[in-house]
Amino acid sequence: MKRKFQQYFWRCALIVFLALTGCGSSVQSAQALLRQHHDSPGVLRYHSQVSIKDEKGYAWQVLLFKQNYNSPLKDLRLGLVAFLGVVEIAHPQALLIETAAGRLLNASDAYALTALVPNVGEYNLTDILPKLPTTDALKLYVPLSSGQQLLLNIPNTVVTEWQWLVTEID
């Protein structure tokens, strides 16, 4: 029964993806994609993943995922990954998030103590995501080791998917 549901779900997801791709081929947008991964044998988890270009045209992988599934309070993490050698993310600096209404929020650096590669950042969104509107785009200001900030524009469709991932899927 579970296997049939998974097959049905992925067929529907493929149809929706193809329909959206065909209808919006002339519109430049980022579409997030919910993905499954095996947390442990027999345990499937979901995360949101999207590729977004920064202001210089470099592609970033932006992932929202839940951490600590065995805990009653699940941490929400936002992972940012750039191509190696393109940028160096400053650790342990916070990620600055700006809403469409101009509200500024800081997401703490969750990767600070274990930062092994300079092109990866991980930020705690547990307390921040509930404060974000579900229908508005966001601006992420990524702190760089050069002292500058890099801008990533997150479309409203991605933010809506993040909210959906948190409220509807466990």
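The numbers here are math on the coordinates, done by the rules we state, and not lab data. Quick caveat: nothing in here was measured; it's all calculated off a predicted structure. Every residue, glycine as well, gets a Cβ built from its backbone with ideal geometry; the counts of neighbours run over all protein chains shown.
Couple of notes before you dig in:
- A Förster distance of 35 Å, applied to the separation of the beta-carbon atoms of residue 148 and residue 46, puts the FRET efficiency at 0.55.
- Shape category assigned to region 58-170 from the gyration tensor of Cα positions, a/c cut at 1.5: oblate
- Taking a ≥ b ≥ c as the square roots of the eigenvalues of the alpha carbon gyration tensor, region 111-151 is oblate, as a/c is not under 1.5 and a/b does not beat b/c.
- Length gained when the stretch residue 83-residue 164 is fully extended (0.36 nm per residue, less Cα-Cα span): 26.3 nm
- For residue 126, distant residues with modelled amide H under 5 Å away: 76
- In nm, spacing of pseudo-spin labels at residue 67 and residue 98 (7 Å Cα→C-beta vector): 2.6
- Applying a DSSP loop filter and a limit of 15 other Cβ atoms within 10 Å to the trypsin sites (Lys or Arg not before Pro) in region 102-139 leaves 103.
- Residue-span extension gain [residue 114 to residue 58] - 0.36 nm each, minus C-alpha spacing: 17.7 nm
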